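Reading through the structure tokens given below for one structure.
The values are calculated or read from the model by the stated rules, or taken from the named source; none is laboratory data. Quantities reported herein were computed from a predicted structural model and do not represent experimental measurements. Cβ placement follows ideal geometry from the backbone for every residue including glycine, while neighbour counts extend to all protein chains displayed.
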Amino acid sequence: MMTEQVAAPAASVPQAPTVISAQGLNLVYETSDGPVQALKDVDLKIDKGDFVSFIGPSGCGKTTFLRVMADLETPTSGTVLVNGVTPEAARKARAYGYVFQAAGLYPWRSIGGNIRLPLEIMGYSKAEQAERVQRVLELVELSGFDKKYPWQLSGGMQQRASIARALAFDADILLMDEPFGALDEIVRDHLNEQLLALWSRTEKTICFVTHSIPEAVYLSTRIVVMSPRPGRITDVIESPLPKERPLEIRDSPEFLEIAHRVREGLRAGHAYD
Amino acid sequence: MKNVIPVLTVVLAILLLWYGGAILLNKQWVLDQAARQDRVLTTPELIAETWAQDKPKLPAPHQVAVELWDTVAMKKPTSKRSLVYHAWVTMSATVLGFGLGTLLGFALAVGIVYNRVMDKSVMPWVIASQTIPILAIAPMIIVVLNAIGISGLLPKAMISMYLSFFPVVVGMVKGLRSPDAMQLDQMRTWSATRAQEFRRLRLPASMPYLFASMKIAMAASLVGAIVGELPTGAVAGLGARLLAGSYYGQTIQIWSALLMAAALAAALVGLIGLIQRITLKRMGMA
Ligand SMILES: Nc1ncnc2c1ncn2[C@@H]1O[C@H](COP(=O)(O)OP(=O)(O)OP(=O)(O)O)[C@@H](O)[C@H]1O
Ligand SMILES: [Mg+2]
């Protein structure tokens, strides 16, 4: 069940298969002071190998949408398919790794032990666990830190360890909710570069929530702009930037052009209320 | 050295207060005694006599120390006159009751955290159980258990258990619920089973709470064991020593039994503290 997904062919086919599709998605939270419409009529298709960023003001439903995909929240109406099946079936098939805003490492486990945690739960053999821990630690440039405890690492290193943990099992979808939100700009730049490198190496589909326009433009193949009350998608921008992206690309006219469009989209959403 | 001076200061202050208190409380009896014998006492004589009575209201520290030395060091530990023997009897009931109470408290906490019905129904009863004065039910427990042929260690251990399960339930419910929503969501994204969630998340997260409540439980358990020795006219145990001491006005014996109980409590709680340090260190949490 876990090994068959590795053998996916490289993105040589012109039309990549759809990994996530949402149709007419609505989600209403029933709260003590009345219902809150967190998602309204959301339609979205995400193809295999896409790097999709979700950007929008606070409370526009970015986290909610990610949680719906991850089967942590049940939509009020509409359908979501992940890998062609319901989010629940996808979750049970361990189709995705979820990176939360806080690293959420267990303080009583070493870095290696934290990364091993999902592997233990999923029943990988000891040898396989050890091999995978080494591999993903290398991937996030934390080799040699497996015996350290979380409190011995900086915030950025902890966040990298939590990404490694989501990569350790062969989920080909990575859902990331503001993973770098709490980090300073320099660390963030570095992690963005690493994430891009990792993405092009692993062919994963990544859904990435952010508040930062440059971050969204730098990372994504598609940018989904959302607006609040009720949360909905106002624009989906295809990025013309090449897959190979040095940090300097952020000064190129194309980059600034897209960033401008994202900003316009955000402003239009705001004019609504 | 820095630590020793404050500690010594406090000990000295306690001793001074204690000796002073002994003079005040025992003075009247000495004066009455002297009046009866037509003796006139100088102040030093008066003070010396207040510190040397057979059955003082408040024995002086050195009298208790001598009694402790006689009953701890100078008697064979197996002798009924040895305080070590009595402490051992009480400790057996304390430790057994503590073990049973911790198990019961742990089981109830797991039930409360994982079972909706238990969550709604058990806690009020647990709290109600602790509002009943232990002195009121201890004799009943002993009598009932005696009636069905159970006597000796177990009835006392039951009373200890009754007192010690409570802090464990309260602490463990809090501890097992200490993982936050994100950690639980994370487990869900990995499709972890309830058992995996318990073993890998809730249980390790609850360890600091477990040890804190076990320390309270141990102290409560000791109180329970001593109380359990009172109503039966037990012949052995620190409770029996306290009771016998108060029958015959042997205040020195009472005080040495009390000090022994305090030392026992300190040792047992200290032992848990030690296990806590080792465990949390091995878990990387200390
Ligand atoms: N569990 C919940 N119960 C009730 N309302 C909720 C819940 N979670 C989110 N909401 C509401 O739903 C709306 C969307 O929330 P969501 O967390 O998805 O926003 P977001 O876009 O992730 O915001 P941010 O950028 O601040 O993280 C908000 O108005 C929020 O108050
Ligand atoms: Mg959010």
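Here's the yes/no breakdown for (1) facing chain B (nearest Cβ under 10 Å); (2) more than 16 Å from ligand 2 (Cβ to nearest atom):
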residue: A:Leu117; (1), (2): yes, yes
residue: A:Phe145; (1), (2): no, yes
residue: A:Ala161; (1), (2): no, yes
residue: A:Pro179; (1), (2): no, no
Which numbered condition trips up A:Ser110, out of (1) touching a residue at least 60 places away in the same chain (Cβ under 8 Å); (2) buried (at least 18 other Cβ atoms within 10 Å of the Cβ); (3) within 10 Å of chain B (Cβ to nearest Cβ); (4) of a type in the set (S, T, N, Q)?
(1)
Only one of (1) under 14 Å from B:Ala22 (Cβ atoms); (2) in contact with a Lys or Arg (Cβ under 9 Å, 6 or more places away or on another chain); (3) outside any helix (DSSP H, G or I) fails for B:Arg81. Which number is that?
(1)
Yes or no: B:Gln63 surrounded by 11 or more Cβ atoms within 10 Å (Cβ to Cβ), farther than 30 Å from B:Lys156 by Cα and touching a residue at least 60 places away in the same chain (Cβ under 8 Å)?
yes
Residues satisfying the stated conditions in the stretch A:170-179, i.e. within 16 Å of ligand 1 (Cβ to nearest atom) and either modelled with pLDDT under 85 or of a type outside the set (A, V, I, L, M, F, W, C) (or both):
A:Asp177, A:Glu178, A:Pro179
Selected residue [small (Gly, Ala, Ser) and either crowded, with 21+ Cβ neighbours inside 10 Å or more than 16 Å from ligand 1 (Cβ to nearest atom) (or both)] from A:Ala89, A:Ala182, A:Ala102
A:Ala89
Here are some conditions: (1) buried (at least 23 other Cβ atoms within 10 Å of the Cβ); (2) at the interface with chain B (Cβ under 10 Å from one of its Cβ atoms); (3) within 10 Å of ligand 1 (Cβ to nearest atom). A:Gly97 meets all but one. Which one does it not meet?
(3)
Tell me, which residue of the stretch A:189-208 that is in contact with a Gly (Cβ under 8 Å, 6 or more places away or on another chain) and part of a helix (DSSP H, G or I) is nearest to ligand 1 (Cβ to nearest atom)?
A:Leu191
Would you please name the residue that is farthest from the chain's Cα centre (by Cα), looking only at residues in the stretch A:55-84 that are within 14 Å of chain B (Cβ to nearest Cβ) and either closer than 23 Å to A:Tyr124 by Cβ or more than 10 Å from ligand 2 (Cβ to nearest atom) (or both)?
A:Thr74
How many residues are surrounded by fewer than 22 Cβ atoms within 10 Å (Cβ to Cβ), within 12 Å of B:Ile159 (Cβ to Cβ) and polar (S, T, N, Q) when one looks only at the stretch B:90-112?
0
Those residues that are farther than 26 Å from B:Ala60 by Cβ, free of Cβ contacts under 8 Å to residues at least 24 places away in the same chain and of a type outside the set (Gly, Ala, Ser), I need them from the stretch B:236-286; list them, please.
B:Leu271, B:Leu274, B:Arg277, B:Ile278, B:Lys281, B:Arg282
Please determine, by comparing only the residues of the stretch B:189-233 that are assigned to a loop (DSSP other than H, G, I, E, B) and surrounded by fewer than 22 Cβ atoms within 10 Å (Cβ to Cβ), which one is farthest from the other protein chains (Cβ to nearest Cβ).
B:Gly233
All but one of (1) in contact with a Ser or Thr (Cβ under 7 Å, 6 or more places away or on another chain); (2) in a helix (DSSP H, G or I) hold for B:Gly284; which doesn't?
(2)
Inter-residue pairs, beta-carbon under 8 Å, first assigned to a helix (DSSP H, G or I) and in the stretch B:6-35, second among the small types (Gly, Ala, Ser), 6+ apart
B:Trp18/B:Ala60; B:Tyr19/B:Ala60; B:Ala22/B:Ala60
Based on this model, can you work out whether A:Glu73 counts as among the acidic types (Asp, Glu), within 15 Å of ligand 1 (Cβ to nearest atom) and modelled with pLDDT of 90 or more?
yes
Given the structure, is A:Leu175 over 17 Å from B:Thr189 (Cα atoms) and of a type outside the set (D, E, K, R)?
no
Taking the stretch A:224-253, which residues are among the hydrophobic types (A, V, I, L, M, F, W, C) and surrounded by 16 or more Cβ atoms within 10 Å (Cβ to Cβ)?
A:Val224, A:Val225, A:Met226, A:Ile233, A:Ile237, A:Leu241
